[in-house]
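Data block below; observations after.
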Amino acid sequence: MKTTRSVLSGLARISFLVAAFLAFGSAFSQQSSSRDNSLKANFSSAAIVAWQERSAEKITDFYAYLNLLSQESNKELKAQISQNIEALFASENVSVLDFFGSDKKTNLATLLQTVSGSKTRFDVSGKISYDNLSGNSWTVSYSLEVLRNGAKTVIPIVQTIRLSPSRKSFGNSDKVVWQQVLGEMK
Amino acid sequence: MSELEHFYRLKQLVLLEYGKHFPFFKGNWKTFGSQEIANLIGLIEEKVRENVSEKWVYTHLKPEANEKLPRKDMLDIMAKFVGFSGWDEFVFTDVKHQAKTRKFPKWLYLTLLLILILVGFFVFRQKNASAATVEIKDEFTKKTVDSKDVKIYKADDSSRTPIAPTEIPSTEKETRIAVESPFYKRREIVVKTDSGKAEILLTPNDKAMMVKAFMMADIKDWQTRKRQLDAILSNELEVLISLENDLGTEMLNKEEFSRMLVIPTPSLKKMTITEIRNDENDKISFIRISQN
């Protein structure tokens, strides 16, 4: 009788400890996943503006690379330029505007193939404005002048920029840093 | 003090005495009109029981400068009017008063001022004469290093406040200064501040110089540049790019930074290296960049 009681008591204690551990672990993971990584929670308004201006520089760099790609014939150099362009974007599957085609939308990888060697000139013109700041993104509105075969077209573009914490490797160590990438175009 | 000067002083006291009885008069002898003269004559008659003519007032009291002293009896009357027993007591009292409140003549003030200016000039020259001009050159090319690539400060200054290379001020004959640059090895040197000019030769950090050159390069020789970057940059490289007004920092690793330099872009041309550190293998492990 005594032995049974002590066994039951022990089991009750163990069960209580396990339940408490599970409850604590659950609360902890809920806390971790609910950490606010949004831009407004992590940056002042002035800092967000600074990041937005940096995104405009990346857009200008994108079209500078595109100009090189369209003029270049060296296969290895074109591969390097394409690699640089893809590194600016979230991925090569990002939806972008087809500057030459009639269906207007394509993905980045296809655009680069189309632009490569096309002897096209791309220039960002006019005022750049930033809107729709929410969560971890905003949009950049600008005009793009496309000069091809002597004909100039001006295309209004609204492009999404994403800024979020990302784990990055620095040799043998890695760190979580704020990473900015170009997103889809409309 | 001459008698005429005493008389000028007496005239001031007469005017003051007049003002006590006629406080609405705020002028001077120049503006003392016929009505005021009539009032003054009446006042003297009442106070001193003596007669003074209008002509006498015009001749002796109104002029700013008198050619000669009036008659003694008239001086006595004026002295009595302002409260003295006569001219002699006034002069005696005035001499004692002037001795107490002696004012220096204007020429003495000017002379003292001139002496002060000269002393100040020589002290200033002496201080400047003890400041040295520092010229900073590349040890191998012997070319002057761009001042914006260099920071100079006093070696014992923990705050490392920058000082201009064109003038190293000092109250002592020698000053130990430190010279830092992202592209040269740090150097400390003793500068003799009374020697006028000093030349400092800096040893270049070759790898840092390469990175600086690559940032200015065009697309030519991109494959060579890529190989060289792989060799001189540590795998653990951290590159911090400060955003506008230092409001944030973008952090790049070796792969990302190399990509930027292999195919230079417009934004790269606006960047300036402010700090470079090498690791124990003399590879670049840290770069800090600001945007212009």
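General remarks:
- Area accessible to solvent at B:GLU244, 1.4 Å probe radius, in Å²: 80 Å²
- Overall form of the stretch A:73-157 per C-alpha gyration tensor (a/c, 1.5; a/b vs b/c): oblate
- For B:LYS197, the aspartates and glutamates whose Cα falls under 15 Å of its own Cα, not counting residues fewer than eight places away in the same chain, are B:GLU135, B:GLU167, B:GLU174.
- Averaged over B:252-263, number of beta-carbon atoms from partner chains that fall within 10 Å: 4
- Per residue accessible area of the stretch A:60-186, 1.4 Å probe, in Å²: 49 Å²
- Protein-only accessible surface order, largest first, of B:TRP56, A:TRP138 at 1.4 Å: B:TRP56, A:TRP138
- Cross-link pairs beyond the 27 Å C-alpha cut-off, checked among A:LYS78/B:LYS212; A:LYS152/B:LYS226; A:LYS168/B:LYS269; A:LYS78/A:LYS104: A:LYS152/B:LYS226
- Choice from B:THR141, B:THR249, B:THR93 showing the highest fluctuation, given a GNM over chain B with Cα pairs closer than 10 Å: B:THR93
- Members of B:LYS143/B:LYS173; B:LYS11/B:LYS68; B:LYS26/B:LYS106; B:LYS26/B:LYS80; B:LYS142/B:LYS185 lying beyond 18 Å, as alpha-carbon distances in this model show: B:LYS143/B:LYS173; B:LYS26/B:LYS106; B:LYS26/B:LYS80
- Axial C-alpha extent at least 18 Å, average Kyte-Doolittle at least 0.0 - helices from chain B (DSSP): B:34-48, B:106-129
- Surface composition of the protein assembly as shown: carbon and sulfur make up 54 percent of the accessible area, probe 1.4 Å.
- The GNM of chain B, with springs linking C-alpha atoms under 10 angstrom apart, assigns the highest mean-square fluctuation among B:GLU280, B:GLU199, B:GLU180 to B:GLU280.
- Residues whose amide H falls under 5 Å from that of A:ASP98, counting only those 5 or more places apart or on a different chain, are A:LYS104, A:LYS105, A:THR106, with hydrogens built in the peptide plane.
- Accessible surface, chain B, averaged per residue in Å² (probe 1.4 Å): 60 Å²
- Highest mean packing first, where packing is the average number of other Cβ atoms within 10 Å per residue, the peptides A:87-95, B:70-78 line up as B:70-78, A:87-95.
- For the protein assembly as shown, the Cβ-based charge dipole about the Cα centre amounts to some 560 debye (Lys, Arg positive; Asp, Glu negative; other atoms uncharged).
- By the equivalent-ellipsoid construction on the alpha carbon gyration tensor, the protein assembly as shown comes out with semi-axes of 88, 36, 32 Å, ordered largest to smallest.
- For residues of B:45-55, the mean tally of beta carbons on other chains within 10 Å: 0
- Separation in nanometres of the label points that stand 7 Å from Cα toward Cβ, at B:ASP230 and B:THR31: 9.7 nm
- Extending 7 Å from the Cα toward the beta-carbon at both A:SER73 and A:GLU86 defines two label points whose distance is 2.5 nm.
- Taking 22 Å as the limit for the C-alpha separation, the pairs A:LYS119/B:LYS220; A:LYS75/B:LYS270; B:LYS148/B:LYS207 exceed it in the case of A:LYS75/B:LYS270.
- Put simply, chains B and A cover up around 2400 Å² of each other's accessible surface, both sides summed, when a 1.4 Å probe is used.
- Think of each Lys and Arg Cβ as +1 and each Asp and Glu Cβ as -1; about the Cα centre, that makes the dipole of the stretch A:48-186 roughly 20 debye.
- Distance between modelled label sites at B:LYS96 and B:ALA178, nm, 7 Å Cα→Cβ extension: 7.3 nm
- Annotation: the antiparallel percentage among DSSP beta bridges lying fully within the protein assembly as shown is about 85.
- Isotropically averaged projected area of chain B, using the convex hull of Cα atoms (one quarter of hull area), nm²: 29.5 nm²
The values are calculated or read from the model by the stated rules, or taken from the named source; none is laboratory data. Since this is a predicted model, take the numbers as computed values, not measurements. Backbone-built Cβ (ideal geometry, glycine too); neighbour counts: all protein chains shown. SASA here: full protein model, heavy atoms, side chains in, ligands and nucleic acids out. Shrake-Rupley method; radii C 1.70, N 1.55, O 1.52, S 1.80 Å.
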